[in-house]
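Visitor: First, the structure itself, so that you have it in front of you.
The values are calculated or read from the model by the stated rules, or taken from the named source; none is laboratory data. Every value quoted in this text rests on a predicted model; they were computed, and no experiment measured them. Note that we place each Cβ from the backbone using ideal geometry, even for glycine, and neighbour counts take in every protein chain shown.
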Amino acid sequence: MPDFKLLLKTKITQQFSTNSSLSFAKKYHTFWLYLSLFFSAFYSHFALQEAFSQKYIIQDDARQHVFWMARFVDAELFPKDIIADYFQESAPIGYTKLYQFFALLGIDPILLHKLLPFVLGLIATLYIFRLTLEILPLPFAGFSAAIFLNQSLWTRDDLVSATPAAFAVPFLCCFLYYYIKEKKLQTLFCMGLLGLFYPQCLLLAAGLVGLRLFRFGQRKLYLSTEKDDYVWILSAGLVTLIVLLPYLIYPSPFGEVITKVEAKKLPVFSSKGWSAFFNPEPMQYWFCGKRSGFIPTDWCRLYRRGFELLPPQVFLCFLLPVVLQFFKKLSFSLEFYPQKGLLIRNFALISLGFFLLAHAVAFKLHLPNRYTEHSFKIIFAVGAAISLAIGLITLLHQRSVLTHKLITTTFLLLIIIYLPVGYPMLLNASGYTFPSSDYIEGKYPELYDFLKKQQKDSLVASLVPEANNLPSFTHRSILVGGSGYALPYHPEFFAEMEKRTIALIQAQYSSDFEEVSNFINQYGIDFWLVDKSAFTEEYIQQDEWLKAFAHHINPQELLNYKKTAIVGKSLESCGVIQKESLVLIDVKCLMRVNQS
């Protein structure tokens, strides 16, 4: 019968003096690592299945962050497209070059975005497993941390999107592991990756290294006298400066970032806006705001569905101080490096510090939530894993040998089953999709196939949600997009999107041919995608996009034109594609018919 205590407590150290013990230790270290990687792949495979379930499918956020990369395959796509230009300009350089490199190898960016989450999940799993073992050398603890982290990654759609946010956690885990190992070159390399793919997290890494400047002893805070600390700080500072320098030297062609004062005047930033930031409720604003709160968004979403749905690591991490107090009172020894564990505490403090700083200078450092959203997933995963492993060993230490083996076996089987499988099943049973992928399926293949055959400089005007899919599925430009495209962080860009949207609404519901003609000529519209019910009172009153611009155009007033709208009259005579409620109008036909 195998020694299950050793299975739980295996660590390749001097505690195993014989070759057989060393072999056993290595065997079960490998077992827990491979089991961790297996479940990472297991979660990913569900997303992969969905990603390749049909021809036209793409992850929600990737519709904005990946579509423009079709330019790497064909440079003639999206000519003079301000939306494509904006997202290309906003993309971190490392993220852009990665997709460009694979495009040169013949791998389409849309295909790559479906494959990357699998790889990134494995990287995060490997490094958090190793990171946890540096603090508590129990492979079971590494396994627990890996499971906790993977579940955090798959209860939200950051990882599966393969957007810049998907790289934050894997590269942070990489950085923390090499930093705790004091491997300078590897640490600096990981810092460089963070800056090239997700610059906000580079600031966290630099801040953590910067804490080496200070020492605490005898209840006093003083400056470090260690030469190596200053080498670390200077090296990290140099990497940070080099990577972030382009952001400081080269201004965005879309102007300065919006200020807090300006943002407060825009409905889009209100609690009901599509980029909600400000909220009159302090708890929502500081804790659970998608952009303003410090708690990971998916945890807040789970809490609203039921307290019992909160991730297990939340409860276990808060129990860590209690577990450590009990552990100190026990007589047996266990390899544990609490000094290394302080790194995780310091990382939490740095994250909160930058969170508050981002609030103070909003929106100069982008969104405050970005400084805790990713780091807290790592912090809680490691803390909970240590709490669970030490708590379990503490409990088992107080049992007899026979009972010990039975309880150990039972506990391990239950934990191995519940942690990676039971909790996801609980989420799905409660109506929360796990793993969360948020893939968008294209429902109109005939429409996409038709538009792909049109001129590369074709421009589609539309107010329907389906327009958001067209750049990805057809590689053709749209005049305006929905909330995912009309980002309000650069006033110049947002003003243009707002101007276009208002002009489009006015033209779509106008009975004045000259007004419609001027709109078409001004923007060079080739096709107009319309919902056949768009001219009904019910549609106008319920459409979210129309209501979002109600402060500019009262949707109720549009009803006065519903019977005579030029676009509405052209649905039957000029529709080139009709599928369900959608009609694609040939604008040349519209102009010809209504001129006569």
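Visitor: Within segment 214-231, how many residues are in a helix (DSSP H, G or I) and either out of contact with any helix residue (DSSP H, G or I) (no Cβ under 6 Å at 6 or more places or on another chain) or among the polar types (S, T, N, Q) (or both)?
Guide: Here the count works out to 4.
Visitor: State all residues of segment 417-437 that are surrounded by 17 or more Cβ atoms within 10 Å (Cβ to Cβ) and part of a loop (DSSP other than H, G, I, E, B); if no residue qualifies, say none.
Guide: Y432, F434, P435, S436, S437
Visitor: So is F87 at pLDDT 95 or above and under 22 Å from Y250 (Cβ atoms) or not?
Guide: Spelling it out, F87 is indeed at pLDDT 95 or above and under 22 Å from Y250 (Cβ atoms).
Visitor: Could you grab the pairs with beta carbons closer than 7 Å, sequence gap of 6+ or different chains, first residue in segment 349-362 and in contact (Cβ under 8 Å) with a residue 40 or more places away in the chain, second one aromatic (F, W, Y) and surrounded by fewer than 22 Cβ atoms within 10 Å (Cβ to Cβ)?
Guide: Between residues of segment 349-362 that are in contact (Cβ under 8 Å) with a residue 40 or more places away in the chain and residues that are aromatic (F, W, Y) and surrounded by fewer than 22 Cβ atoms within 10 Å (Cβ to Cβ), the close pairs are L352/F294; F355/F294.
Visitor: I'd like the full set of residues that are in contact (Cβ under 8 Å) with a residue 40 or more places away in the chain and among the aromatic types (F, W, Y), limited to segment 172-206.
Guide: Across segment 172-206, the qualifying residues are Y177, Y179, F197, Y198.
Visitor: Looking at segment 527-536 only, could you name the residues that are buried (at least 20 other Cβ atoms within 10 Å of the Cβ) and not β-branched (V, I, T)?
Guide: F527, W528, L529, A534, F535
Visitor: With respect to the numbered conditions (1) modelled with pLDDT of 95 or more; (2) in contact with a Gly (Cβ under 7 Å, 6 or more places away or on another chain); (3) among the β-branched types (V, I, T), which one is the sole condition not fulfilled by V323?
Guide: (1)
Visitor: Being outside any helix (DSSP H, G or I), at pLDDT 95 or above and within 27 Å of T96 (Cα to Cα) narrows it down to one of I258, I295, so name that one.
Guide: I258
Visitor: Also: Specify the residue that is surrounded by the fewest Cβ atoms within 10 Å (Cβ to Cβ); the eligible residues are those in segment 280-292 that are within 22 Å of the chain's Cα centre (by Cα) and outside any helix (DSSP H, G or I).
Guide: K290
Visitor: Right, another one. Could you identify the single residue in Y489, Y444 that is out of contact with any Gly (no Cβ under 9 Å at 6 or more places or on another chain) and surrounded by 20 or more Cβ atoms within 10 Å (Cβ to Cβ)?
Guide: When all the criteria are applied, what remains is Y444.
Visitor: Sticking with this structure for a sec: Give me the residue from segment 133-172 that is in contact with a Ser or Thr (Cβ under 8 Å, 6 or more places away or on another chain) and charged (D, E, K, R) and, out of that set, surrounded by the fewest Cβ atoms within 10 Å (Cβ to Cβ).
Guide: Here the residue is R156.
Visitor: Quick check on R305: is it in contact with a Phe, Trp or Tyr (Cβ under 9 Å, 6 or more places away or on another chain) and surrounded by fewer than 15 Cβ atoms within 10 Å (Cβ to Cβ)?
Guide: yes
Visitor: So how many residues does segment 515-530 have that are farther than 14 Å from A565 by Cβ and acidic (D, E)?
Guide: Counting residues in segment 515-530 that are farther than 14 Å from A565 by Cβ and acidic (D, E) gives 1.
Visitor: Continuing with the same structure: Out of the residues in segment 30-66 that are β-branched (V, I, T) and under 17 Å from the mean Cα position of the chain (by Cα), which is surrounded by the fewest Cβ atoms within 10 Å (Cβ to Cβ)?
Guide: It comes out as I58.
Visitor: How many of the residues making up segment 72-99 are among the charged types (D, E, K, R) and buried (at least 20 other Cβ atoms within 10 Å of the Cβ)?
Guide: Number satisfying all stated conditions: 1.
Visitor: Still on this model: Determine the pairs where a residue that is assigned by TED's automatic domain parsing to the domain that holds P246, located within segment 91-113, has a partner that is modelled with pLDDT under 95 and not in a helix (DSSP H, G or I) with Cβ atoms under 8 Å apart, the partner being 6 or more residues away or on another chain.
Guide: none
Visitor: Also, I was wondering about something else. Only one of (1) buried (at least 19 other Cβ atoms within 10 Å of the Cβ); (2) of a type outside the set (D, E); (3) closer than 30 Å to P251 by Cβ is not met by A467, so which one is it?
Guide: Going through the list (1) buried (at least 19 other Cβ atoms within 10 Å of the Cβ); (2) of a type outside the set (D, E); (3) closer than 30 Å to P251 by Cβ, A467 breaks only (3).
Visitor: So, one more: Mind checking whether some residue in segment 247-261 is of a type in the set (S, T, Y), surrounded by 17 or more Cβ atoms within 10 Å (Cβ to Cβ) and under 23 Å from the mean Cα position of the chain (by Cα)?
Guide: No.
So that you can scan it fast, the table gives a plain yes or no per residue for (1) of a type in the set (D, E); (2) without any contact (Cβ under 8 Å) to a residue 12 or more places away in the chain; (3) outside the structural domain of G94 (by TED's automatic domain parsing):
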{"residue": "L238", "(1), (2), (3)": "no, yes, no"}
{"residue": "L248", "(1), (2), (3)": "no, yes, no"}
{"residue": "E262", "(1), (2), (3)": "yes, no, no"}
{"residue": "F269", "(1), (2), (3)": "no, no, no"}
{"residue": "G273", "(1), (2), (3)": "no, no, no"}
{"residue": "F278", "(1), (2), (3)": "no, no, no"}
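Visitor: Do you know which residues across segment 457-479 are part of a loop (DSSP other than H, G, I, E, B) and of a type in the set (S, T, Y)?
Guide: S458
Visitor: A further question on this structure: Are any residues in segment 449-482 among the β-branched types (V, I, T) and either under 21 Å from Y439 (Cα atoms) or not assigned by TED's automatic domain parsing to the domain that holds V576 (or both), and if so, which ones?
Guide: Within segment 449-482, V464, T474, I478 meet the criteria.
Visitor: Sticking with this one: Residue by residue through segment 61-78, note down the ones that are of a type outside the set (D, E, K, R), in contact (Cβ under 8 Å) with a residue 24 or more places away in the chain, out of contact with any His (no Cβ under 6 Å at 6 or more places or on another chain) and more than 14 Å from V460 (Cβ to Cβ).
Guide: Q64, H65, W68, M69, F72, V73, listed by residue number.
Visitor: Quick one: which strands (runs of 3 or more DSSP E) sit completely within segment 480-596 and have at least 2 residues that are free of Cβ contacts under 8 Å to residues at least 60 places away in the same chain and more than 33 Å from the chain's Cα centre (by Cα)?
Guide: 575-579, 582-586
Visitor: Among the residues of segment 30-59, count how many are under 24 Å from I93 (Cβ atoms) and either at pLDDT below 95 or not β-branched (V, I, T) (or both).
Guide: 1
Visitor: Exactly one of (1) assigned to a loop (DSSP other than H, G, I, E, B); (2) touching a residue at least 60 places away in the same chain (Cβ under 8 Å) is unmet by I58. Its number?
Guide: (1)
Visitor: What is the number of the single condition among (1) over 23 Å from N554 (Cα atoms); (2) assigned by TED's automatic domain parsing to the domain that holds Y539; (3) without any contact (Cβ under 8 Å) to a residue 12 or more places away in the chain that M425 does not meet?
Guide: Evaluating M425 over (1) over 23 Å from N554 (Cα atoms); (2) assigned by TED's automatic domain parsing to the domain that holds Y539; (3) without any contact (Cβ under 8 Å) to a residue 12 or more places away in the chain leaves (2) as the failure.
Visitor: Confirm whether L234 is crowded, with 17+ Cβ neighbours inside 10 Å and in a helix (DSSP H, G or I).
Guide: no
Visitor: Taking segment 373-399 only, how many residues are of a type outside the set (A, V, I, L, M, F, W, C), surrounded by fewer than 22 Cβ atoms within 10 Å (Cβ to Cβ) and touching a residue at least 60 places away in the same chain (Cβ under 8 Å)?
Guide: Residues meeting the conditions: 3.
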